[in-house]
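Visitor: Let me give you the structure first, and then I'll get to my questions.
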Amino acid sequence: MRILVTGGAGFIGSNIVDEYLRRGHDVAVLDDLSTGKPDNLNKSAEFHEASILEGVKVRKLLESGKFNVINHHAAQIDVRKSVENPVYDANTNIIGTLNLLAAAKENGVKKVIFASSGGTIYGECPKKAPSESAKGSPVSPYGIAKYTIEFYMKFYSRIFGLKFTSLRYGNVYGPRQDPYGEAGVVAIFSQRILAGEEVNIYGNGEQTRDYVYVGDVVTANALALEKGDDQIINIGTSRKTSVNGLFKCLAEIGGYGKKPVYREPRAGELQNSFLAVGKAKRVLGWKPETSLEKGLEKTFSFFKGKYTGRKK
C-alpha cells in the first residue's frame, strides 16, 4: 500500500511510519519540521519538507505520489497555544487539513486516517468515560478544530467517497515525545527528573487524564488501514490517572526525591478526561496492551538513554 504520513517526523507520526514500513508498505512523509525532528525520520521513507498550508505543494505531491491512504498527523498540537492564538490554531489545523482533503479528493486517495482528540472534544468527563456517541463539548480552540475537521471528513466521504477513520486519542505518551514544548507531561517530567530539576505541576495535581502508550496508538493506526471506514473511534485506556499519581510513578522509576512545585492552574485546561474504548475493540479489534507502569518505564528508559548520551 502507498501511504503518505503528514507530520511523519513528529512524535506519533514517526512511530507510525516505522510500523507501516515494518509491515511492508511504501511510505512517504510530509513534514515542515516546525516541531518534527529530522532524527525521527526513517531513512526508508521518502521525505518531502513542506507545510500542509502550502496548498500548491500539497496538490503537486498528491498528483505525483499516487497514494492509497493519507495518515494525517500534521497539526498545531498545543492546547494552551490554541487558547492564546485561536486564529493560528484554526489556520493550521482546519485550513491545512482542508488543503489536504481537497488534494486527496482530486488525486484518487481512497482513505484518510485522522489523528483526532478524545481528550479535548468531549470536554469535562467527571464520572463516566464518554463513548463516541457522546455529544462533543470542546472547551479549547484546539478541540473545536479537531471536532470541526471530523464534520468536514464526513462531508468528503458522503459527497466524494473519500473514506476516513478518525481516531480520538487520549493523552499519548512514549519515546520521541518532545520534553521541551508545553504539551507532553510525561516527557517533561522525565527530562526534569533526569536533570535533577524541579518538577512543576499546574493546579493542585488532581486533574486526571487517560494516558495511552504510543505503541498501542501505532497498532490502532495500522489496523485502521483496513478497518473502521467512516468511523470515529476512541483510542485510550478507560483509566483515569491524576498528574500527582503520574509524578509519583515517574519519581519512583527515576529515584527522584524532591517534591513537585505547584503553580497556578492554566487557562483552558480540563479537570478530568478519559475515554470509553469498547468501539475500538469491536470495529478495529484493538485494545490497549501496555499498562501505564510499563509504558512509563519504557518512556523513562528512552529519555535516560538520550540524556546520558548528551552528557558524555
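Visitor: Only helices (runs of 4 or more DSSP H) wholly contained in region 74-159 count here; list those with 1 or more residues that are more than 22 Å from Gly8 (Cβ to Cβ) and assigned by TED's automatic domain parsing to the domain that holds Ala224.
Guide: Once the helices (runs of 4 or more DSSP H) in region 74-159 are filtered for at least 1 residues that are more than 22 Å from Gly8 (Cβ to Cβ) and assigned by TED's automatic domain parsing to the domain that holds Ala224, what remains is 79-84, 86-90, 118-121.
Visitor: While we're here: Name the single residue, out of those in region 1-21 being in contact with a Gly (Cβ under 7 Å, 6 or more places away or on another chain) and assigned to a loop (DSSP other than H, G, I, E, B), that is nearest to Ala224 (Cα to Cα).
Guide: Gly7
Visitor: From the set of residues in region 22-68 that are assigned to a helix (DSSP H, G or I) and touching a His at 6+ places or on another chain (Cβ under 9 Å), which is farthest from Ala90 (Cα to Cα)?
Guide: At the first step, the residues of region 22-68 found to be assigned to a helix (DSSP H, G or I) are 22, 38-40, 55-65.
Imposing the further condition that a residue be touching a His at 6+ places or on another chain (Cβ under 9 Å) reduces the set to 57, 61, 65.
On the way: Lys57: 20, Leu61: 23, Gly65: 27 Å.
Of everything passing the filter in region 22-68, Gly65 is farthest from Ala90 (Cα to Cα).
Visitor: Also, I was wondering about something else. Yes or no: Val218 within 29 Å of Pro126 (Cα to Cα), part of a helix (DSSP H, G or I), among the aliphatic types (A, V, I, L, M) and not assigned by TED's automatic domain parsing to the domain that holds Pro126?
Guide: When the stated conditions are applied, Val218 does not pass them.
Visitor: Here are Ser44, Ser64, Ser34: which of them is closer than 20 Å to Val218 by Cα, in the same structural domain as Ser117 (by TED's automatic domain parsing), loosely packed, with under 15 Cβ neighbours inside 10 Å and not charged (D, E, K, R)? It would help to see each step written out before you state the result.
Guide: Values: Ser64 fails: closer than 20 Å to Val218 by Cα; Ser34 fails: closer than 20 Å to Val218 by Cα.
Step by step, each of Ser44, Ser64, Ser34 is checked, and only Ser44 is closer than 20 Å to Val218 by Cα, in the same structural domain as Ser117 (by TED's automatic domain parsing), loosely packed, with under 15 Cβ neighbours inside 10 Å and not charged (D, E, K, R).
Visitor: Now, a different point. Only one of Gly174, Gly170, Gly184, Gly205 is under 15 Å from the mean Cα position of the chain (by Cα) and closer than 19 Å to Ala267 by Cα; which?
Guide: Gly184
Visitor: Separate question: Quick test of your reading of the structure: Phe300 fulfils all but one of (1) more than 28 Å from Tyr122 (Cα to Cα); (2) among the hydrophobic types (A, V, I, L, M, F, W, C); (3) surrounded by fewer than 16 Cβ atoms within 10 Å (Cβ to Cβ). Name the failing condition by number.
Guide: Failed condition: (3).
Visitor: State whether one or more residues within region 228-236 are closer than 29 Å to Pro86 by Cα, at pLDDT below 95 and surrounded by fewer than 17 Cβ atoms within 10 Å (Cβ to Cβ).
Guide: So in region 228-236, the residues closer than 29 Å to Pro86 by Cα come out as 230-236.
Imposing the further condition that a residue be at pLDDT below 95 reduces the set to none.
Checked region 228-236: no residue is closer than 29 Å to Pro86 by Cα, at pLDDT below 95 and surrounded by fewer than 17 Cβ atoms within 10 Å (Cβ to Cβ).
Visitor: Where residues in region 221-255 are in a helix (DSSP H, G or I) and of a type in the set (Gly, Ala, Ser), which of them is nearest to Glu289 (Cα to Cα)?
Guide: My answer is Ala222.
Visitor: Can you tell which of Pro141, Pro179 is out of contact with any strand residue (DSSP E or B) (no Cβ under 9 Å at 6 or more places or on another chain), farther than 22 Å from Asn40 by Cβ and touching a residue at least 12 places away in the same chain (Cβ under 8 Å)?
Guide: Details: Pro179 fails: farther than 22 Å from Asn40 by Cβ.
Checking each option against the conditions leaves just Pro141.
Visitor: Does Ala195 fit the bill of being farther than 19 Å from Gly118 by Cα and either out of contact with any strand residue (DSSP E or B) (no Cβ under 6 Å at 6 or more places or on another chain) or crowded, with 23+ Cβ neighbours inside 10 Å (or both)? Talk me through it step by step, then tell me what you get.
Guide: Numbers: farther than 19 Å from Gly118 by Cα: yes; either out of contact with any strand residue (DSSP E or B) (no Cβ under 6 Å at 6 or more places or on another chain) or crowded, with 23+ Cβ neighbours inside 10 Å (or both): yes.
Spelling it out, Ala195 is indeed farther than 19 Å from Gly118 by Cα and either out of contact with any strand residue (DSSP E or B) (no Cβ under 6 Å at 6 or more places or on another chain) or crowded, with 23+ Cβ neighbours inside 10 Å (or both).
Visitor: Now for a separate question. Looking only at region 31-53, count every residue that is within 14 Å of Ala115 (Cβ to Cβ) and not polar (S, T, N, Q) and tell me the total. So that I can check it myself, show each step before the final result.
Guide: Narrowing region 31-53 to residues within 14 Å of Ala115 (Cβ to Cβ): 31, 35-36, 52.
With not polar (S, T, N, Q) added as a condition, the list becomes 31, 36, 52.
Matching residues across region 31-53 total 3.
Visitor: Only residues that are without any contact (Cβ under 8 Å) to a residue 60 or more places away in the chain and small (Gly, Ala, Ser): list them for region 74-128, please.
Guide: Those that are without any contact (Cβ under 8 Å) to a residue 60 or more places away in the chain and small (Gly, Ala, Ser): Ala90, Gly96, Ala102, Ala103, Ala104, Gly108, Ser117.
The values are calculated or read from the model by the stated rules, or taken from the named source; none is laboratory data. Quick caveat: nothing in here was measured; it's all calculated off a predicted structure. Ideal geometry is used to build each Cβ from the backbone, glycine not excepted, and the neighbour counts take in all protein chains shown.
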